[in-house]
Amino acid sequence: MKIALIGYGKMGKAIEEIAVSKGHEIVLKIDVSTTADFTKENIQKADVAIEFTGPHTAFENITKCIQWGVPVVSGSTGWLDNFEKAKKLCEEKKGCLIYASNYSIGVNLFFEINKQVAALMEPYENYDVTMTETHHTEKKDAPSGTAISLAEQILAAIGRKKKWVNESSRDASDLIIRSERIDPAPGTHTVSYDSAIDSIEITHTAHTRKGFASGALLAAEFANQKIGIFTMKDVLGL
């Protein structure tokens, strides 16, 4: 499979290493110094594009891939205000878009655990639920996309929580997400249920970026020659 890497930072390099080891070919690498190479002619040399950039460039990058007929796997966060526009364009162009806030197989299993725990805890109002997410200092957005996904699952299951906030709050209906930025920290997410009597916590900790990179490559293999909008649940058959 021929792959275009849109975003060639730490994640792009980790994806490249795994992709090459599996016999795939990287035909295009786009970073801040090579944006002029992001052309229709160049991107169409790829079977699929993997996009890991930032909140201010992701939507434009995804739009170009869809318009030019290249399936795109995006792991960028902070751009989801435009997700419906991307989805509509993908449907109009009969393209392929896979988006996930986190491509780690372990995290996607953690999502399923989080939903089940939230459903179990919903009747027990004496337990207050909060979240903490820790990442490296280069991460541009807070809270993380993964934390937002976890929070939305909790809000869907626990009716006494109405919205998430990324700050301290005395409103019992707020789901507090605490964001910490320290190095080195590929990513830790903890959901805590605390009562006066005891505490219950579920935690996922990433040790390296390889889990994210492996999952993104798996999604790219899934996206090749497909039409539609998919998530990691589709990729993993969850």
Residues located in the range 93-107, provided they are in contact with a helix residue (DSSP H, G or I) (Cβ under 6 Å, 6 or more places away or on another chain), surrounded by 21 or more Cβ atoms within 10 Å (Cβ to Cβ) and not β-branched (Val, Ile, Thr): GLY95, CYS96, LEU97, ALA100, SER101, ASN102, TYR103, SER104
Filtered residue count, the range 119-148, keeping only those that are among the charged types (D, E, K, R), surrounded by 16 or more Cβ atoms within 10 Å (Cβ to Cβ) and without any contact (Cβ under 8 Å) to a residue 40 or more places away in the chain: 1
Selection count where residues are assigned to a loop (DSSP other than H, G, I, E, B) and either in contact with a strand residue (DSSP E or B) (Cβ under 8 Å, 6 or more places away or on another chain) or at pLDDT 95 or above (or both), scope the range 1-21: 3
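Residue-by-condition table, conditions (1) loosely packed, with under 12 Cβ neighbours inside 10 Å; (2) among the charged types (D, E, K, R):
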site: TRP164; (1), (2): no, no
site: GLU167; (1), (2): yes, yes
site: ARG170; (1), (2): yes, yes
site: ALA185; (1), (2): no, no
site: ILE200; (1), (2): no, no
site: ARG209; (1), (2): no, yes
Criterion: farther than 23 Å from THR208 by Cβ, surrounded by fewer than 23 Cβ atoms within 10 Å (Cβ to Cβ) and charged (D, E, K, R) - qualifying residue of LYS22, LYS64: LYS64
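The values are calculated or read from the model by the stated rules, or taken from the named source; none is laboratory data. From a predicted model like this one, the values you see are computed outputs, not experimental measurements. Reconstructed Cβ throughout: ideal geometry from the backbone, glycine too, with neighbour counts over all protein chains shown.
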